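Inspection log for the structure reproduced underneath, given as structure tokens.
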Amino acid sequence: MPYEFPVSVYYEDTDMGGIVYHANYLRFIERARSHWVRSIGQDQNALREAGLIFAVSRIEADYLAPARFEDALIVETTVTAVSPARLTLHQTVRRDGTDLFRAVVTVICMTLAGKPQRLPAEIRAFL
């Protein structure tokens, strides 16, 4: 089931032309992923204290149309694949139903030492 997260475009998000700077889309989708993790009942601080963290290992991004200062955007996050230690998510940034940015994001679960780790059972069960 897709998770929707609202984003407002602030002046600081834009370049000299008043268009959202390309790297800021990555910030928008990161915020959406963090809120999605909370929405499924997971506390990333507690996971880190237990020795587990999530890290992005790959992003494939397509910039389709510009977002501008004061736009109200929606970031939609959908899990498309789950393996023992990784998730693949599709994330789309939209304005008024129009796709502006799309990304396929691979997130891995790992220890604080950087070694791959199985996703916690409660997350696998939820997904």
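Rule-based calculations on the coordinates, nothing more; no lab input. No experiment lies behind these values; they were computed from the predicted model shown. Note: ideal-geometry Cβ built from the backbone for every residue, glycine included; neighbour counts use all protein chains shown.
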Q.
What number do you get for the stretch 30-112 when its Cα radius of gyration is normalised by 2.2 N^0.38 Å, N = residues?
A. 1.21
Q. For HIS22 and VAL56, FRET efficiency with R0 = 25 Å and r from the beta-carbon atoms, rounded to 0.05?
A. 0.95
**Q.** Packing-based exposure ordering (other Cβ within 10 Å, fewest first) of HIS35, HIS22
**A.** HIS22, HIS35
Q. At a Förster distance of 25 Å, what's the computed FRET efficiency of LEU112 paired with THR80, Cβ-Cβ distance as r, to 0.05?
A. 0.35
Q. Counting alpha carbon pairs within less than 8 Å and at least 6 residues apart, what relative contact order, in whole percent, applies to the chain?
A. 29 percent
Q. Projected onto the charge dipole of the chain (+1 at Lys/Arg Cβ, -1 at Asp/Glu Cβ, origin at the Cα centre), which of ALA67, THR92, VAL82 gives the Cα projection farthest towards the positive end?
A. VAL82
Q. For the stretch 3-126, with only Lys/Arg (+1) and Asp/Glu (-1) charged at the beta-carbon, what is the dipole magnitude about the Cα centre, in debye rounded to 20?
A. 600 debye
Q) Using the Cβ atoms and a cut-off under 9 Å, what net charge is assigned to the surroundings of VAL20, where Lys and Arg are +1 and Asp and Glu are -1? A) -2
(Q) Between GLU122 and ARG31, what is 0.36 nm times their sequence separation minus the Cα-Cα distance? Round to one decimal in nm. (A) 30.6 nm
